[in-house]
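For reference, the structure discussed in these notes is given below.
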Amino acid sequence: MALEIKKEWCKGCGICVHFCPKKVLVLDELGKIFTRDIDKCVECGLCELRCPDFCFTLRKGKGEKVS
Amino acid sequence: MEQSVEKLLRTKHLAHIWCPGCGNGTVLAATVRAIEHLGLDQDKTVIVSGIGCSSRASGYMNFDTLHTAHGRALTFATGIKLARPELTVIVLTGDGDATAIGGNHFIHAARRNIDLTTIVFNNGIYGMTGGQYSPLTPTGSYASTAPYGHIERPFDIAKLAIAAGATYVARGSAYHTKMLADVIIKGIEHTGFSVIDAVTQCPTSFGRKNKMGAPAAMLEWQRDNAVTVEAAAKLTPEQLAGKFIIGELHRSEAPEYVAEYDKVIARAQKGAKK
Ligand SMILES: Cc1ncc(C[n+]2csc(CCOP(=O)(O)OP(=O)(O)O)c2C)c(N)n1
């Protein structure tokens, strides 16, 4: 699965960062989400489930796709 | 957002207007997941909301939607359901919208047992207008209109709904988002007036005033203070103090208003023929 991130919808609330079990997600200097080490992602889907801004979609494929 | 529910959202209107970490997006997501699970037809499902931050949710949903007047979502929804009983009508409302200005409509919709599903985005505060206390603000908490602590007792919205005649009542939370979607599914499936109390976080107006920390900490507060119906049955009232009970709280059968009204129409038409 590939993790698609809609960065332009991110408000930097930190919910995904807090709940990511592998600490893959971090906020950049502008307070927006990005992945630090996508290879550690276990595709648990917690970010997709918990993000109140609909930023994450697990799609077929591999790695990360930022839009 | 899962691919399967993307079509149920008006993604061109995103990002939404809610504050960072606001739980309204999570309750909205649970609602569309429930609708997707049920496979409801987008052209036969109507979403009606009142006024408030939470009531903005209807605008992001790709259905026939109606954003109405403060406290009056249930009145518009009643009209739609009576005119077009074949439609599934879902009402989205805030705790202030539903139990303060709209409290009267709430109890009477419950009393009539009209086949609507009402999802109350319960953040315990008037979010949109600056954090005034609502009828669901817990005693002792702080609000912009309760700077020394709130002295009023809140309604227990579930007990209020049950006493007024609602035939399906359940509670979930933004943290327990899968369970929330599950009770929304059951509420929509139920014929009669269904109330889903969706406990959610307002980091800006409630969280800051009550020193609850970051949005993630507010979600953990929900995790740590929710007790399932099954667990609550084994606890004393003292042990349950300050906790909230999640799950299916009430289910009963009673005549449904639109069906009863149809009988009146049939009787009246028979009378006219004589
Ligand atoms: C007739 C009327 N009275 C008052 C208002 C102001 N007003 C707008 S939203 C709101 C309260 C919203 O609180 P709630 O329903 O809890 O929703 P939230 O914003 O927290 O989601 C009030 C009092 C209004 N718009 N219309």
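Points worth noting:
- Subset tally (residues that are out of contact with any helix residue (DSSP H, G or I) (no Cβ under 7 Å at 6 or more places or on another chain) and over 25 Å from residue B:7 (Cβ atoms)) for the range A:30-46: 11
- Single residue of A:27, A:49 found to be within 13 Å of another protein chain (Cβ to nearest Cβ), open to solvent by 20 Å² or more (accessible area, probe 1.4 Å), touching a helix residue (DSSP H, G or I) at 6+ places or on another chain (Cβ under 8 Å) and within 20 Å of residue B:4 (Cα to Cα): A:49
Listed here are the residues, each with its yes/no results for (1) more than 10 Å from the ligand (Cβ to nearest atom); (2) out of contact with any Pro (no Cβ under 8 Å at 6 or more places or on another chain); (3) part of a helix (DSSP H, G or I); (4) within 20 Å of residue B:174 (Cβ to Cβ).
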position	(1), (2), (3), (4)
B:31	yes, yes, yes, yes
B:43	yes, yes, yes, no
B:47	yes, yes, no, yes
B:75	yes, yes, yes, no
B:91	yes, yes, no, yes
B:97	no, yes, yes, yes
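- Residue within the range B:99-118 that is more than 16 Å from the ligand (Cβ to nearest atom), more than 15 Å from the chain's Cα centre (by Cα) and without any contact (Cβ under 8 Å) to a residue 12 or more places away in the chain present: no
- Filter result (hydrophobic (A, V, I, L, M, F, W, C) and either within 7 Å of chain B (Cβ to nearest Cβ) or touching a residue at least 40 places away in the same chain (Cβ under 8 Å) (or both)) within the range A:1-18: A:1, A:2, A:3, A:5, A:9, A:10, A:13, A:15, A:16
- For the range B:147-162, the set of residues classified as on the phi < 0 side of the Ramachandran plot and either in a loop (DSSP other than H, G, I, E, B) or more than 15 Å from the chain's Cα centre (by Cα) (or both) consists of B:147, B:148, B:150, B:151, B:152, B:153, B:154, B:155, B:156, listed by residue number.
Here is a yes/no grid of residues against (1) surrounded by fewer than 18 Cβ atoms within 10 Å (Cβ to Cβ); (2) within 30 Å of residue B:149 (Cα to Cα); (3) not basic (Lys, Arg):
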{"position": "B:208", "(1), (2), (3)": "yes, yes, no"}
{"position": "B:223", "(1), (2), (3)": "yes, yes, no"}
{"position": "B:257", "(1), (2), (3)": "no, no, yes"}
{"position": "B:265", "(1), (2), (3)": "yes, no, yes"}
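- Failed condition for residue B:54, given (1) more than 16 Å from the ligand (Cβ to nearest atom); (2) polar (S, T, N, Q); (3) touching a Gly at 6+ places or on another chain (Cβ under 6 Å): (1)
- Taken over the range A:30-46, the residue count meeting the criterion of being open to solvent by 70 Å² or more (accessible area, probe 1.4 Å) and either in a helix (DSSP H, G or I) or free of Cβ contacts under 8 Å to residues at least 24 places away in the same chain (or both) is 6.
The values are calculated or read from the model by the stated rules, or taken from the named source; none is laboratory data. Being a predicted model, the structure only gives us computed values, none of them experimental. For neighbour counting, all protein chains shown are included, and Cβ atoms are generated from backbone atoms with ideal geometry for every residue, glycine included. The area values use the complete protein model at the heavy-atom level, side chains included, leaving out ligands, DNA and RNA. Shrake-Rupley method; radii C 1.70, N 1.55, O 1.52, S 1.80 Å.
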